[in-house]
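Q: Questions regarding the structure given below will be posed in turn.
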Amino acid sequence: MKTIIGGINEVPLGGKIISEGGLVAFPTETVYGLGANAFDAEAVKSIFIAKGRPQDNPLIVHIADISEAKNVAKFVPDTFYTLAEKFCPGPLTMILPKCDSLPLTTTGGLQTVGIRCPNHEMARALIRAAGCPIAAPSANISGKTSPTEARHVYEDMNGKIPLILDGGKTAVGIESTVLDLTKELPIVLRPGAVTVEMLAAVLGKVVNHKGEVIIAEAPGMKYKHYAPTCPCIGADTPKKATEEYNLLTASDTPVIIGSSDFVAACAPCRTISLGTTPAECTSNLFSTLRDAEKVYTYIILEWFPDSPEYFAINNRIHKSTASKCL
Ligand code: TXA
Ligand code: MG
């Protein structure tokens with residue numbers, strides 16, 4: 001088979017090839033895809049053959065508009081639309097239960113489907129020209145890196161497919177973020193340009209690809225709050241605090257602030273005790289910082305142990321020190 005490389009003018013031809021059961025490689029903003037009609041099991045089978053891809057590895061189904069998700073999914077939850085509003089078209093694939101008419105060949109035998117609306121005009125034009133959603137993995141031979149230029153696709157697919165649409169170098173350069181929305185908590189299966197933090201900011205909670213639950217930061221948490229007006233640095237041992245204190249005395253009037261045991265171990269430096277218990281230290285923190293910044297020019301602040309009773313005070317200490325610790 002002769003493989004031609006075309007541009008925007010060949011999009012209608014690409015649409016025709018796909019609607020007739022053929023394969024077309026096309027650009028997206030992430031990597032190039034190798035597309036077939038998602039509802040045509042025979043056509044989809046030929047993708048697996050061209051790539052040498054295991055049949056149980058599901059394909060992503062590409063749509064030209066978010067409203068088309070309902071044509072491939074059994075149902076579309078509100079979460080999908082909320083995320084789509086923020087990130088689509090874009091490098092995010094969301095997994096939903098598949099509709100009955102979508103072949104299992106497309107989904108690698110799964111009852112779910114990965115859906116993505118790519119942020120590339122040529123990709124969406126091709127989907128519209130084909131008149132169907134396009135199932136497409138990356139357009140490389142299985143096991144090789146994903147193609148980010150038409151010539152990479154040509155290297156792997158020359159002679160196997162009739163048409164490669166050339167849309168230039170892809171902007172993102174790595175594959176989309178894959179997010180499973182079929183579980184109790186959304187799970188990132190593959191990290192990508194839409195980060196877990198970006199998803200958490202919308203969803204509140206999301207599980208990252210390592211299985212850790214990521215919780216959104218409360219609004220404003222990214223700003224430096226509670227900062228004393230003079231420089232402030234953390235120290236997790238009295239020894240480090242004392243050494244820094246001794247260095248600072250050349251140019252500043254420093255003070256060490258911490259729990260009673262911590263500051264006792266810093267003698268003979270100037271110190272202020274916050275108290276003995278975690279609750280006492282917490283309740284005295286802000287007032288002590290306010291008083292200290294009026295008298296001293298540098299504050300060395302104890303970083304408490306990383307245990308639950310100190311989580312709250314440590315959080316404020318991180319803010320005060322902009323997370324700078326000796
Ligand atoms: O950026 C991309 O996602 C590119 C462009 C062409 O859209 N496509 C891509 O496809 O990288 P592929 O087939 O190389 O990777 C798709 C990934 C695979 O890891 C696959 O297992 C996962 O998405 N995936 C697809 N559908 C799934 C499903 N229903 N359940 C779980 N994982 C799924
Ligand atoms: Mg791939």
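Q: Pulled fully out, how much extra length does the chain show between residue 208 and residue 237, if you take 0.36 nm times their separation in residues and subtract their Cα-Cα distance? Don't jump to the answer; show the numbers that get you there.
A: On the way: separation 29, 0.36 × 29 = 10.44 nm, distance 3.31 nm.
Length difference between fully extended and current span is 7.1 nm.
Q: Same structure again: Hey, got the dipole for region 206-314? About the Cα centre, +1 on K and R Cβ, -1 on D and E Cβ, debye to the nearest 20?
A: That gives region 206-314 a dipole magnitude of about 260 debye.
Q: May I pose another question? Excluding residues fewer than 8 places away in the same chain, name every one of the lysines whose C-alpha is closer than 22 Å to that of residue 144.
A: 45, 51, 160, 169
Q: So what is the relative contact order for the chain, in percent, with contacts set as C-alpha pairs under 8 Å and at least six apart?
A: Here the relative contact order equals 18 percent.
Q: What is the percent carbon and sulfur in the accessible area of region 68-113, measuring with a 1.4 Å probe over the protein chains and ignoring ligands?
A: Values: 1120 of 2070 Å².
Using a 1.4 Å probe with all protein chains present, region 68-113 comes out at 54 percent carbon and sulfur.
Q: Follow-up. Could you sort the peptides 229-236, 7-14 by per-residue average Cβ neighbour count (10 Å cutoff), highest mean leading?
A: Most protected by this proxy first, the peptides run 229-236, 7-14.
Q: Using all C-alpha to C-alpha distances in the chain, build P(r) with 10 Å bins and read off the rounded percent in each one.
A: 6, 23, 21, 12, 11, 12, 11, 4, 0
Q: Which of the three applies to region 8-113, rounded, prolate or oblate, going by the alpha-carbon gyration tensor with a ≥ b ≥ c and a/c under 1.5 meaning rounded?
A: oblate
Q: Next up: From the Cα gyration tensor of region 268-315, with a ≥ b ≥ c the square roots of its eigenvalues, which class applies: rounded if a/c is under 1.5, or else prolate if a/b is larger than b/c, or else oblate?
A: prolate
Q: Just how large is the dipole of the chain about the Cα centre, in debye to the nearest 20, putting +1 at every Lys and Arg Cβ and -1 at every Asp and Glu Cβ?
A: Values: 30 positive and 33 negative charges, 97 e Å.
For this selection, approximately 460 debye.
Q: Any idea which of 204, 228, 247 is furthest toward the positive side of the dipole for region 195-326, if Lys and Arg beta-carbons carry +1 and Asp and Glu beta-carbons -1?
A: 204
Q: Something else now. Rounded to the nearest 5, what is the percent of antiparallel bridges among the DSSP beta bridges in region 1-154?
A: 80 percent
Q: Name the aspartates and glutamates eligible as straight-distance cross-link partners of residue 319: C-alpha to C-alpha under 14 Å, and not fewer than 8 places from it in the same chain.
A: Straight-line reach from residue 319, under 14 Å: 217, 302.
Q: Then there's this: Can you tell me how region 69-126 classifies by the Cα gyration tensor, rounded, prolate or oblate, using a/c under 1.5 as the rounded cut?
A: It comes out oblate by the Cα gyration axes.
Q: May I ask you to give the solvent-accessible area per residue for the chain, in square angstrom, as obtained with a 1.4 angstrom probe?
A: 47 Å²
Q: Would you be so kind as to identify which of 158, 127, 177 lies farthest towards the positive end of the dipole of region 99-197, taking Lys and Arg as +1 and Asp and Glu as -1 on Cβ and the Cα centre as origin?
A: After comparing all options, I get 158.
Q: How big is the dipole moment of region 43-136 about its Cα centre under a simple scheme where the beta carbon of each Lys and Arg is +1, that of each Asp and Glu is -1, and everything else is neutral? Debye, nearest 20, please. Walk me through the numbers on the way to the answer.
A: Values: 10 positive and 7 negative charges, 49 e Å.
Result for region 43-136 is approximately 240 debye, rounded to the nearest 20.
Q: If I histogram all Cα-Cα distances within region 59-171 using bins 5 Å wide from 0, what percent of pairs lands in each bin?
A: Each 5 Å bin holds this share of Cα pairs: 2, 11, 20, 22, 21, 14, 8, 2, 0.
Q: Packing-wise, with mean Cβ within 10 Å as the measure, how do 31-42, 205-216, 267-278 rank, highest first?
A: Numbers: 31-42: 24.5, 205-216: 14.1, 267-278: 16.2.
Highest-to-lowest ranking by the protection proxy: 31-42, 267-278, 205-216.
Q: Would you mind giving the three semi-axes, in whole Å and largest first, of the ellipsoid equivalent to region 157-287 according to its Cα gyration tensor?
A: Gyration-tensor ellipsoid for region 157-287: 52, 20, 13 Å.
Q: Okay, next question. Which lysines, if any, have their Cα less than 23 Å from the Cα of residue 86, not counting same-chain residues under 8 positions apart?
A: List returned: 70, 74, 98, 183, 205, 222.
The values are calculated or read from the model by the stated rules, or taken from the named source; none is laboratory data. Predicted model, so just to flag it, every value in this text is computed and none were measured. Using ideal geometry, Cβ is built from the backbone for each residue, glycine included, and neighbour counts are taken over all protein chains shown. Keep in mind that these areas ignore ligands, DNA and RNA; they rest on the heavy atoms of the full protein, side chains included. Shrake-Rupley method; radii C 1.70, N 1.55, O 1.52, S 1.80 Å.
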